[in-house]
1. Got a sec? Which of Glu97, Glu172 is surrounded by fewer than 19 Cβ atoms within 10 Å (Cβ to Cβ) and within 20 Å of the chain's Cα centre (by Cα)?
2. Report yes if some residue within segment 74-90 is of a type in the set (Val, Ile, Thr) and either more than 26 Å from Thr29 (Cα to Cα) or outside any helix (DSSP H, G or I) (or both); otherwise report no.
3. Testing Pro79 on (1) touching a residue at least 60 places away in the same chain (Cβ under 8 Å); (2) under 26 Å from Thr44 (Cα atoms), one condition comes back false. Which one is that?
4. If you go through segment 71-107 one residue at a time, how many are β-branched (Val, Ile, Thr) and out of contact with any helix residue (DSSP H, G or I) (no Cβ under 8 Å at 6 or more places or on another chain)?
5. Does segment 140-153 contain at least one residue that is more than 14 Å from Val60 (Cα to Cα), out of contact with any strand residue (DSSP E or B) (no Cβ under 6 Å at 6 or more places or on another chain) and not in a helix (DSSP H, G or I)?
6. Regarding Thr69, is this residue touching a strand residue (DSSP E or B) at 6+ places or on another chain (Cβ under 9 Å), touching a residue at least 24 places away in the same chain (Cβ under 8 Å) and part of a loop (DSSP other than H, G, I, E, B)?
7. For segment 137-178, which residues satisfy the criterion of being more than 17 Å from Ser82 (Cα to Cα) and among the acidic types (Asp, Glu)?
Amino acid sequence: MDIYQIWTTYNKPWSRREIAAFSVILIFTITGILLGLSKKKIHTIQAIAILAMVVFLGIVFASTVFTRTVSVRQCELTPFWSWKAIMRYHDRELLKEDLLNCILLFPAGMLLPVIVDRKVNWYWAWVFGVMISAGIEVSQLLFMRGLFEWDDMIHNGLGCMLGCMITQKMREWVNKKK
């Protein structure tokens with residue numbers, strides 16, 4: 001499956017309820033950003049990063065939970081089950097899925113040090129990614145919109161951590177150039 005097929009398969013049009021809910025979240029976010037800017041609690045780049053994070057996470061939750069069709073409640077509680085299957089059966093599709101899960105929250109990790117405006121420990125970036133992913137996985141389980149699995153949380157956390165580490169290295173490099 002290529003990226004376009006994945007996008008069109010998992011990203012059905014949003015319902016009116018989903019659009020309304022996301023609009024409310026966006027309005028609260030923008031209000032909070034404007035208050036933070038007016039009180040000089042955040043910088044413009046932080047405000048842009050916060051807005052980008054909320055929009056990005058809205059798209060992620062929509063494509064991984066809310067626009068999926070309802071099915072049966074499913075869970076895989078064995079950690080690293082996917083890697084065992086990849087090693088045992090040489091399953092390239094499952095490998096591709098694992099790698100795509102690693103990059104799913106990569107952009108969130110890239111935005112994290114910009115939002116907090118300081119260096120973020122790799123461990124906290126991983127925890128942040130795992131917590132976002134846990135929200136996705138629990139939502140999938142509750143709303144019966146996908147497979148709840150620990151592997152996705154681990155992979156998403158790794159991607160978030162890598163995005164954060166790369167952004168921090170880039171910022172260090174830019175600061176050295178100055």
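1. Numbers: Glu172 fails: within 20 Å of the chain's Cα centre (by Cα).
Criteria check complete, one pass: Glu97.
2. Here is the first cut: in segment 74-90, the residues of a type in the set (Val, Ile, Thr) are 78, 86.
Filter once more, so that each one left must be either more than 26 Å from Thr29 (Cα to Cα) or outside any helix (DSSP H, G or I) (or both): 78, 86.
Checking segment 74-90: at least one residue is of a type in the set (Val, Ile, Thr) and either more than 26 Å from Thr29 (Cα to Cα) or outside any helix (DSSP H, G or I) (or both).
3. It fails just one condition, (2).
4. Of the residues in segment 71-107, the ones β-branched (Val, Ile, Thr) are 72, 78, 86, 103.
Checking which are out of contact with any helix residue (DSSP H, G or I) (no Cβ under 8 Å at 6 or more places or on another chain) leaves us with 72.
Residues meeting the conditions: 1.
5. Going through segment 140-153, the residues more than 14 Å from Val60 (Cα to Cα) turn out to be 141-144, 147-151.
Applying the additional criterion that residues be out of contact with any strand residue (DSSP E or B) (no Cβ under 6 Å at 6 or more places or on another chain) yields 142-144, 150-151.
From what is left, the residues that are not in a helix (DSSP H, G or I) are 144.
Yes: segment 140-153 contains one or more residues that are more than 14 Å from Val60 (Cα to Cα), out of contact with any strand residue (DSSP E or B) (no Cβ under 6 Å at 6 or more places or on another chain) and not in a helix (DSSP H, G or I).
6. Working: touching a strand residue (DSSP E or B) at 6+ places or on another chain (Cβ under 9 Å): no; touching a residue at least 24 places away in the same chain (Cβ under 8 Å): yes; part of a loop (DSSP other than H, G, I, E, B): yes.
The answer is no for Thr69.
7. Quick first cut of segment 137-178, residues more than 17 Å from Ser82 (Cα to Cα) only: 138-145, 160-178.
Answer for segment 137-178, where residues must be more than 17 Å from Ser82 (Cα to Cα) and among the acidic types (Asp, Glu): just Glu172.
Read the figures in this text as sums done on the coordinates, not as results from a lab. Keep in mind it's a predicted model, so treat the numbers as computed, not measured. FYI the Cβ positions are ideal-geometry reconstructions off the backbone, even for glycines, and counts take in every protein chain you see.
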